[in-house]
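The values are calculated or read from the model by the stated rules, or taken from the named source; none is laboratory data. Keep in mind that what you see is a predicted model, and the values were worked out from it rather than measured. Methodologically, a virtual Cβ is constructed for each residue, glycine included, from the backbone with ideal geometry; neighbour enumeration extends over all protein chains shown.
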Amino acid sequence: MDRSRVEYSQYEQEGFFTDRRGVIPAPGEDRELSANVEGRSTHYGVYATDTWQVAPRTHVTGTARYNHSTVSNQLTTRDDDTGIIEDKPNERFSYNSVNPALGIAHRLGEAATTPTLFANVARNTRVPTVIELGCADPDEPCRLPAGLQADPYLKQVKSTTVEAGLRWPLAPGMRFNLAAFRTDNKDDILFRSTSVTGQLGYFANFPKTRNQGVDTEFAVTHGAFDVGIGYSFLKATYEANGVLRQGERNVTITPGTRIAGLPRHTLKLAVDWRVGDGLTVGSDLQAVTSRGVSGNEDGLLEDPEVGEDPEYKRVRLPGYAIVNLRASWKPSAQWELYANVNNVFDRRHETFGALAETMFDASGNYTGEEADALFVAPGTPRAVFVGLRYRF
């Protein structure tokens with residue numbers, strides 16, 4: 001059983017931009033409540049699993065899980081026409097699903113270094129969140145992060161994953177894993193707009209999206225050192241026709257259109273050194289390649305005029321690499337003192353981008369005139385964590 005509670009309030013206040021790109025409240029204007037939501041999500045699940053040895057080196061595993069979920073919310077929002085705060089009717093949605101899984105593993109020989117081949121297929125589901133259900137009506141759109149309305153039903157997302165690969169213990173303390181996968185998401189939940197020029201929108205089910213690729217891992221232990229390297233290839237696409245609000249424009253997509261914000265190549269390197277007397281130090285590097293930006297999935301910066309040929313230009317965020325450090329000291333079996341430094345070199349990077357309009361120039365000064373721009377979400381700067389852990 002899993003249960004969660006969500007409480008969210010959003011306020012608005014009239015204000016003015018300063019010449020330093022800040023915002024100051026307008027004189028005599030107090031902040032006002034624009035939206036409030038209180039909701040609960042409750043999930044119950046029961047499952048059964050078993051493994052059968054169907055041959056001396058072959059095993060089959062079957063699993064089935066039944067899920068029952070309820071999501072309820074109470075919304076309070078300001079009417080755009082009257083300005084009056086209104087309590088919307090309490091909503092309650094129920095979801096049920098049966099998720100089966102089947103896997104097979106076959107060891108090719110008796111030796112300790114013999115690889116094992118495996119394959120599996122599984123179905124999983126995701127229930128809409130309180131926020132998604134609170135912004136799901138095209139007749140009453142919301143302004144993200146939340147201008148919430150009492151909204152209709154959204155279907156749960158159903159994912160089917162097929163995976164196959166091998167696990168290979170090359171030698172004592174050395175292993176290699178390889179897996180190819182495909183996940184199809186039916187009724188995925190995406191954000192759509194109500195117009196090309198407006199900023200209002202709503203969540204809606206999309207017929208189908210797909211993530212497919214390859215994951216590889218190589219790890220070796222040599223003396224006091226543990227070394228690992230991992231590589232992933234990902235192709236994330238829409239697999240249906242549709243029109244989505246992405247960035248500042250509505251983008252027409254077709255089966256095979258790439259999903260923005262997801263890198264095609266990811267590389268991870270990790271090294272740990274057991275110094276002695278309970279002290280371990282380590283480092284890892286995480287690198288990703290360039291990613292597409294929202295609003296440019298179709299290769300266009302803007303919609304062509306009637307009779308004009310479209311001008312294609314791909315806009316991408318550059319790839320980046322982040323280095324992290326960690327240390328751990330265990331004076332006894334129960335106590336551990338640890339420290340982590342993420343993004344050691346304070347590398348500036350962006351994790352997501354979207355085409356939109358700005359009213360600021362390159363120096364950050366407010367101009368009052370709209371201009372095309374690429375908005376980016378900055379990555380996490382250098383961060384230091386120190387902690388004490390006790391095990392009992």
query = Can you tell me which residue in segment 333-392 is modelled with the lowest pLDDT, limited to those that are of a type in the set (Phe, Trp, Tyr), in contact with a strand residue (DSSP E or B) (Cβ under 7 Å, 6 or more places away or on another chain) and over 21 Å from residue 296 (Cα atoms)?
reply = 366
ask   = In the set 373, 321, 327, 333, which member is of a type in the set (A, V, I, L, M) and either in contact with a His (Cβ under 7 Å, 6 or more places away or on another chain) or over 30 Å from residue 279 (Cβ atoms) (or both)?
value = 373
request  = Report, ordered by the first and then the second residue, all pairs with beta carbons closer than 7 Å, sequence separation of six or more or different chains, a first member in segment 65-80 that is over 12 Å from residue 37 (Cβ atoms), and a second member that is among the acidic types (Asp, Glu).
outcome  = 79/86
query = Limited to segment 73-128, what total is found for residues that are within 30 Å of residue 11 (Cβ to Cβ) and among the β-branched types (Val, Ile, Thr)?
reply = 6
key: segment 233-245, subset part of a strand (DSSP E or B) and either among the β-branched types (Val, Ile, Thr) or out of contact with any Lys or Arg (no Cβ under 8 Å at 6 or more places or on another chain) (or both), residue modelled with the highest pLDDT   = 237
task = Run residue 376 past the list (1) exposed (fewer than 15 other Cβ atoms within 10 Å of the Cβ); (2) over 20 Å from the mean Cα position of the chain (by Cα) and report the number of the one that doesn't hold.
result = (2)
ask   = With respect to the numbered conditions (1) surrounded by 15 or more Cβ atoms within 10 Å (Cβ to Cβ); (2) on the phi > 0 side of the Ramachandran plot, which one is the sole condition not fulfilled by residue 28?
value = (1)
query = Which of the residues spanning segment 296-318 are surrounded by 13 or more Cβ atoms within 10 Å (Cβ to Cβ), hydrophobic (A, V, I, L, M, F, W, C) and modelled with pLDDT under 90?
reply = 300, 301
key: Any chance residue 321 is within 28 Å of residue 264 (Cβ to Cβ), of a type in the set (A, V, I, L, M) and surrounded by fewer than 15 Cβ atoms within 10 Å (Cβ to Cβ)   = yes
key: Some residue of segment 13-31 being among the acidic types (Asp, Glu) and either under 32 Å from the mean Cα position of the chain (by Cα) or within 30 Å of residue 106 (Cβ to Cβ) (or both)   = no
query = Which residues, counting only those in segment 31-62, are loosely packed, with under 13 Cβ neighbours inside 10 Å, closer than 30 Å to residue 119 by Cβ and not hydroxyl-bearing (Ser, Thr, Tyr)?
reply = 46, 48, 50, 52, 53, 54, 55, 56
message = Looking only at segment 92-118, how many residues end up being over 27 Å from the mean Cα position of the chain (by Cα) and aliphatic (A, V, I, L, M)?
response = 6
ask   = So, of the residues in segment 68-118 that are among the charged types (D, E, K, R) and not in a strand (DSSP E or B), which turns out to be modelled with the lowest pLDDT?
value = 80
task = Return the total of residues in segment 71-96 being surrounded by fewer than 16 Cβ atoms within 10 Å (Cβ to Cβ) and hydroxyl-bearing (Ser, Thr, Tyr).
result = 2
note = Per the filter on segment 328-366, residues within 29 Å of the chain's Cα centre (by Cα), assigned to a strand (DSSP E or B) and among the hydrophobic types (A, V, I, L, M, F, W, C) are 339, 341, 352, 354, 355, 356
message = Taking the criterion of being over 30 Å from residue 391 (Cβ atoms) and either touching a residue at least 12 places away in the same chain (Cβ under 8 Å) or of a type in the set (Lys, Arg) (or both), would at least one residue in segment 320-338 satisfy it?
response = yes
message = I'd like to know if segment 15-26 contains one or more residues that are of a type in the set (Asp, Glu), without any contact (Cβ under 8 Å) to a residue 60 or more places away in the chain and out of contact with any Cys (no Cβ under 7 Å at 6 or more places or on another chain).
response = no
request  = Look at segment 97-107 and say how many of its residues are closer than 14 Å to residue 157 by Cα and surrounded by 16 or more Cβ atoms within 10 Å (Cβ to Cβ).
outcome  = 2
